[in-house]
Amino acid sequence: MSLIVVGSVAYDGVETPHGKVDRMLGGAATYIALSAAYFTDVKIVAVVGDDFAQKDVDLLLSRKIDLAGLERVAGGKTFFWAGKYSPDMNDRETLRTDLNVFAEFDPKLPEAYKSAPYLFLGNIQPELQRSVRSQMNGVRLTGGDTMNYWIADFRAQLLQTLKQWDFLLINDSEARQLSGEHNLRRAAAKILDLGPHTLIVKRGEYGAILFRRDCHFMVPGYLLEDVFDPTGAGDCFAGGFIGYLSGQGISPRDGGIDVAALRRAVIYGSVMGSFCCEKFGVDRFRTLTREEIEARYQEFKTCTAF
Ligand code: AMP
């Protein structure tokens, strides 16, 4: 089974109470792909400039991530984002967003991508998300995320786009903004009327909630001793969630979907998000093994069984 991941491939500057890195590999699609690649075949659709380093290409290739859809713009510069975290790391301030080649991103799927069954649309302009889905033939499960900017300023386009999605994965403040409801249960009910049959609300260190019309499933955050850098944790959650579903071949059949598989996917999402925070940037994924992922998955089971 293969999974198409669309979004930013970037360089990031990050400052947390544990240190500062001026420039390192980042981007939502990078984190999603690195995380999902532990579970399934991943194909990236993104754009970089000719400053994108070979060592970063090599890291992605070492995880067998297909880069046929990674467009390289001659003479262009890769998207750059910089942020600084608050002392408790629950908030961050964006210091810089240089869109560079990302400003003109117009995703075109290579022929070999079009028949993939799984699609995750990272946080880009909703019209572009829609255009990617329309280039695919036979996609079985589509989902993605979005952000405050698109919810506020591109609402009509976003609502059109969401009609075609199976699941939406956003954080609690985005769920409140999108629905106009402060209460998360009511917010979820409204969002589930917009198209997706499944909503996953990420709540940072407090975990995540999976909502469907007839049930919900709550997962605590994994209790890390040290959080070094939360950048990309939400994207790694997304990668674990959709990567697991793709690896298992899970998709709606006869209008239904295996809810137990969705619950396991939320746990894998939480596991991958937690690993992401253990080192700066993507560093944890240079050494992380599938055995470590399974061990933490089992630990989640033990810690939440009653
Ligand atoms: P997260 O911590 O899960 O929100 O993901 C952070 C990643 O998203 C960083 O690696 C950034 O490069 C990337 N990013 C930040 N702002 C944007 C944006 N406006 N569009 C796309 N990607 C972004």
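Only a single item in (1) closer than 21 Å to VAL47 by Cβ; (2) without any contact (Cβ under 8 Å) to a residue 40 or more places away in the chain; (3) not small (Gly, Ala, Ser) is not met by ASN123, and it is number (2).
Within segment 89-117, if we keep just the residues that are among the aliphatic types (A, V, I, L, M), within 12 Å of the ligand (Cβ to nearest atom) and not in a loop (DSSP other than H, G, I, E, B), the residue that is surrounded by the most Cβ atoms within 10 Å (Cβ to Cβ) turns out to be LEU95.
Screening the candidates ALA156, ALA152, ALA187 for the property of being crowded, with 20+ Cβ neighbours inside 10 Å and either at pLDDT 95 or above or of a type outside the set (A, V, I, L, M) (or both) yields one hit, ALA187.
Just the residues that are small (Gly, Ala, Ser) and either touching a helix residue (DSSP H, G or I) at 6+ places or on another chain (Cβ under 9 Å) or more than 28 Å from TRP165 (Cα to Cα) (or both), please, taken from segment 245-304. I'd like the intermediate steps shown before the answer.
Filtering segment 245-304 down to residues small (Gly, Ala, Ser) leaves 246-247, 249, 251, 255-256, 260-261, 265, 269-270, 273-274, 281, 295.
Hits for segment 245-304 are SER246, GLY247, SER251, ALA261, ALA265, GLY269, SER270, GLY273, SER274, GLY281, ALA295.
Counting only strands (runs of 3 or more DSSP E) that sit wholly inside segment 169-237, those with at least 1 residues that are closer than 24 Å to ALA82 by Cβ are 198-202.
Scanning segment 208-226 for residues that are in contact with a strand residue (DSSP E or B) (Cβ under 8 Å, 6 or more places away or on another chain) and buried (at least 18 other Cβ atoms within 10 Å of the Cβ), we see that the one that is farthest from PHE285 (Cα to Cα) is PHE211. Name the residues in segment 71-88 that are under 11 Å from ALA46 (Cα atoms) and within 15 Å of the ligand (Cβ to nearest atom), would you? THR78, PHE79 - these are the residues of segment 71-88 that are under 11 Å from ALA46 (Cα atoms) and within 15 Å of the ligand (Cβ to nearest atom). Each residue in segment 1-48 was checked for being β-branched (Val, Ile, Thr), more than 21 Å from LYS108 (Cα to Cα) and within 11 Å of the ligand (Cβ to nearest atom), and 1 of them qualify.
Among the residues of segment 132-151, write down those that are in contact with a helix residue (DSSP H, G or I) (Cβ under 7 Å, 6 or more places away or on another chain) and either of a type outside the set (Val, Ile, Thr) or not in a helix (DSSP H, G or I) (or both). Lay out the reasoning, then the answer.
Step one: list which residues in segment 132-151 are in contact with a helix residue (DSSP H, G or I) (Cβ under 7 Å, 6 or more places away or on another chain), which gives 139, 141-148, 150-151.
Within segment 132-151, VAL139, LEU141, THR142, GLY143, GLY144, ASP145, THR146, MET147, ASN148, TRP150 qualify.
Counting just the residues of segment 263-299 that are of a type in the set (Asp, Glu) and part of a helix (DSSP H, G or I), which one comes out surrounded by the most Cβ atoms within 10 Å (Cβ to Cβ)?
Within segment 263-299, the first condition is being of a type in the set (Asp, Glu), and the residues that meet it are 278, 283, 291-292, 294, 299.
Applying the additional criterion that residues be part of a helix (DSSP H, G or I) yields 283, 291-292, 294, 299.
Numbers: ASP283: 16, GLU291: 8, GLU292: 14, GLU294: 12, GLU299: 13.
This residue is ASP283.
The values are calculated or read from the model by the stated rules, or taken from the named source; none is laboratory data. Bear in mind the structure is a predicted one, so any value in this text is a computation, not a measurement. We place every Cβ from the backbone using ideal geometry, glycine too, and count neighbours over all the protein chains shown.
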